[in-house]
Amino acid sequence: MGRGYQNATCLEGALKIKEISYMHSEGILAGELKHGPLALIDENMPVIIIMTRDSLYPKVQSALAQVTARKGAPIIICCDDDPAVSNGVYKNNRGNDYKAIVVPPTVDCLQGILNIIPLQLLSYHLAILNGFDVDFPRNLVPRSLTDLPPRWLEGPCVVTDSLTSLLRITLPKQLIASAQECMSYCDSNGLDVAGVSNGNECYCGSSLDSNHPSSPQAHEVTEEECSSPCISGMPQQMCGGPGRTRLFGRNGALDDYGFGFTRLGPLIIPPSFDTHGGTAPVSLGGGNPNDVPQIPVSQHDSTVITSSDQLMKTILAHHMVGNVYNYTLGSWINDARLAKAANIDGFALNLGSGGPKSWQRERIGDAFNAAEAVGGFGMIFSFDMTVLRCDSQEDADILRDYLMTWGPHPGHLTLPPANGSPFQLAPLLENTAPSVEVGGRYSMRRFPEQLIFSAGSVRDGWLSVVADPAVVSRLNTVGREIAFLPSWFARVEERKQEFSGVVQGDFFWNGGWPYGNRDVDWADDAYRLQRNPGPLYMTSVSPAFFTHYGPDSYNKNWIYRSDDWLYASRWEMLVAHRNEVSCVEIVTWNDYGESSYIGPIEGNQPNSEAWVNGFPHLGFLDMTAYYAQAFKSGTYPPIRDEKVYIWSRPHPRDATAPDTLGRPNFWDWTEDYLWALVFAASDGEFELISGSNTQTFPVKAGVNKFKLSNSPGPIRGTLKRLGLPIIDVSPGSDFDYTLSPRSYNFNYFMANN
């Protein structure tokens with residue numbers, strides 16, 4: 001609160017606190033306290049009074065008296081020559097002491113320039129203490145002549161016969177209504193250069209081609225040549241011109257080419273918030289600080305890790321259609337929106353039954369319609385050959401029917417092919433792209449002769465499906481073709497020669513877990529890449545695996561090792577090897593029976609309630625957005641919204657339970673730890689609690705990994721700064737680690753903010 005000129009200072013200070021620390025704050029005219037604000041004053045209400053020595057100083061003293069009479073304890077901004085101030089304390093005429101911030105005195109009309117400085121510093125430190133990025137306040141758009149979306153700045157007008165010869169294109173041309181729409185489209189795909197042309201054409205790329213025969217800056221022309229109005233009809237909205245493209249860039253993508261920038265002058269890109277501080281380590285804490293190594297922060301630095309002109313990176317989540325009997329169209333739309341918000345591009349629909357009268361067929365129709373309704377999201381088929389019969393051509397008819405019915409559907413995922421792809425279609429030149437039927441689970445756990453559809457050989461059997469003339473013709477009418485990526489579980493050595501020309505690549509289903517009692521690594525992926533029979537490679541990432549069925553049902557009772565922050569560590573591996581990977585499939589969205597789900601617990605469980613109910617995994621979905629963006633763009637995004645994730649099994653691995661099925665196979669492949677992942681925007685400390693075990697770890701800006709030995713009782717994780725809790729994740733009675741379980745459960749319980 002303040003008076004006169006300082007009322008405006010109060011309004012600006014309150015605005016800044018709201019803007020970057022997201023705390024409600026009011027600027028009050030000190031002479032109007034009795035018109036409502038005084039009713040809010042008590043010992044708990046933070047109050048700042050500007051009481052510098054101007055002509056209204058005595059009146060503000062009166063306001064101070066009214067505040068302190070109601071037990072208020074204000075902070076006072078006052079001049080350093082005020083006789084009531086000594087050593088940062090203001091003493092009123094009753095002898096009471098109040099905290100003071102002193103500023104130099106000056107003339108009344110300029111005093112506010114000095115007084116606003118401590119308020120701006122206050123808002124800065126409030127934001128930092130709460131873990132917010134002060135350089136990128138949320139929901140704010142920087143002002144420019146063209147009202148650009150956040151982080152984008154306008155570049156030059158260029159002329160080129162074909163923009164693809166100048167721009168490193170990683171997306172096909174998109175029709176748009178405004179420049180903002182183009183930049184949003186490029187932003188959603190993690191690309192740093194946008195170009196608008198001909199009033200409604202949008203191009204996106206990672207950078208300009210510095211190896212072009214003529215340098216990019218040689219293509220620059222005057223502003224007037226990019227003056228075609230956008231089809232949106234918005235005033236002053238220009239979208240390039242015939243054969244002319246207006247470029248926009250971010251993250252310094254246009255900085256190195258010497259453009260004159262005929263309209264706005266040189267690009268000035270504000271530096272991104274430095275979340276890492278050079279080579280400081282990412283903390284990897286353990287039950288003993290010495291038992292887990294440190295890794296360099298460069299693993300998560302906000303710099304380009306790799307560059308690639310490959311097929312646009314695609315992320316899918318495996319969706320078990322067998323678990324959605326009670327789904328409606330609305331259920332599919334909710335799932336698609338959740339997945340899309342996490343930078344997931346589509347669902348791979350696991351289909352194990354699909355004849356004309358199957359209920360799964362109806363749910364699949366809803367799934368494709370939901371994808372179309374959500375937009376920017378697609379469905380593909382993952383035929384489960386452990387369930388579907390493959391004995392006759394009638395069995396193949398089921399697969400052909402699905403491809404004929406939904407292959408051309410607008411809700412089917414489509415991707416641009418890789419440069420030089422042997423299966424690129426002519427319709428691609430007409431802004432279409434091949435459809436991708438990804439991840440057919442071609443399981444060799446059944447005898448090979450059972451997978452031939454009575455066609456003589458496995459190769460001929462699958463050709464009768466994917467190369468069927470009617471199927472090919474139907475897809476070609478919409479400019480699409482099949483990209484078939486089966487997942488082999490055996491005969492890996494022979495497949496490269498045997499299936500050349502039948503498949504377009506390989507899907508490594510088991511890549512998400514380690515083979516044995518060890519950490520996951522890249523060796524198995526490298527083995528399959530060397531034997532890949534096609535240009536595309538899809539591998540997997542998974543948070544966990546535990547299944548507990550007896551001989552009277554599915555007869556599956558085992559775990560895969562899911563320790564050592566498996567989901568995050570596997571994602572980091574995929575980002576590091578992104579040049580070798582076309583697609584990633586998250587295994588799974590909703591396979592409750594195998595405890596690998598990242599989606600909400602809904603639908604119809606396959607008798608897995610005993611180990612799934614009460615064990616949410618949505619934290620894995622939440623962290624997917626960060627890693628998916630890094631995989632797609634090659635750049636780890638700056639951490640702006642801080643996160644704390646903690647997860648644990650409910651009992652020790654060697655606990656004894658009155659469970660007739662017994663412990664799962666490989667029960668001794670896991671360790672008894674509470675695992676934690678902290679996404680921090682700045683340094684701090686992290687307190688991890690499991691029962692009676694407690695440990696505090698130093699936190700560095702970036703991604704931090706911690707673990708703590710389990711102990712009976714509740715779990716908790718708290719991010720702190722200056723001893724104050726910033727994020728406190730405490731599931732309370734929802735989870736209790738016990739030494740005496742009623743049944744064996746090696747599933748994880750996860751909690752997060």
Q | Whether segment 632-753 is rounded, prolate or oblate, judged on the alpha carbon gyration tensor where a/c under 1.5 counts as rounded | A | prolate
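So what's the projected area for segment 355-398, the Cα convex hull averaged over all directions, in nm²?
So the mean shadow area of the Cα hull is 3.6 nm².
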Q. Roughly how many Å² is the accessible area per residue of segment 645-753, as a whole number, for a 1.4 Å probe?
A. 39 Å²
Q | Whole-angstrom gap from segment 469-522 to segment 37-111, using each part's C-alpha centre | A | 72 Å
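Where Lys and Arg each count +1 and Asp and Glu each count -1, what net charge lies around Y5 among other residues with Cβ under 10 Å from its Cβ?
Local charge sum for Y5: -1.
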Q) Between L661 and K71, what is the FRET efficiency for a Förster distance of 51 Å, r being their Cβ-Cβ separation, to the nearest 0.05? A) 0.20
Q. Label points 7 Å out from Cα along the Cβ direction at L175 and N93: separation in nm?
A. 7.7 nm
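Name the shape class, rounded, prolate or oblate, that the alpha-carbon gyration tensor gives for segment 459-604, where a ≥ b ≥ c are the square roots of its eigenvalues, rounded holds for a/c under 1.5, and otherwise prolate holds if a/b is larger than b/c and oblate otherwise. Show your work: numbers first, answer last.
Numbers: a/c = 1.82, a/b = 1.47, b/c = 1.24.
Prolate, because a/c is 1.5 or more and a/b exceeds b/c.
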Q) What does a probe at R518 reach in segment 468-506, counting residues whose amide N is under 20 Å from the point 7 Å along Cα→Cβ? A) 490, 492-493
Q. Given G365, A342, S353, which one lies farthest toward the positive end of the charge dipole of segment 342-385, if we put +1 on the Cβ of every Lys and Arg and -1 on the Cβ of every Asp and Glu?
A. S353
Q) Roughly how large, in nm² to one decimal, is the mean projection of the convex hull of the alpha-carbon atoms in segment 73-123? A) 3.9 nm²
Q: When a/c is below 1.5 the answer is rounded, else prolate if a/b is larger than b/c, else oblate, so apply that to segment 570-722 with a ≥ b ≥ c taken from the square roots of the Cα gyration tensor eigenvalues.
A: oblate
Q) With r defined as the distance between the Cβ atoms of Y549 and E362 and R0 fixed at 25 Å, what FRET efficiency is calculated, to the nearest 0.05? A) 0.40
Q: Starting at the first residue of segment 599-616, write each ³J(HN,Hα) from the Karplus equation 6.51 cos²θ - 1.76 cosθ + 1.60 with θ = phi - 60°, in whole Hz, x for Gly and Pro.
A: x, x, 7, 7, x, 10, 7, x, 6, 10, 4, 4, 10, 10, 4, x, 10, x
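The values are calculated or read from the model by the stated rules, or taken from the named source; none is laboratory data. Quick caveat, the model's predicted, so the values are computed rather than measured. Cβ atoms come from the backbone with ideal geometry, glycine included; neighbour counts cover every protein chain shown. Surface areas here come from the heavy atoms of the whole protein model, side chains and all, with no ligands, DNA or RNA. Shrake-Rupley method; radii C 1.70, N 1.55, O 1.52, S 1.80 Å.
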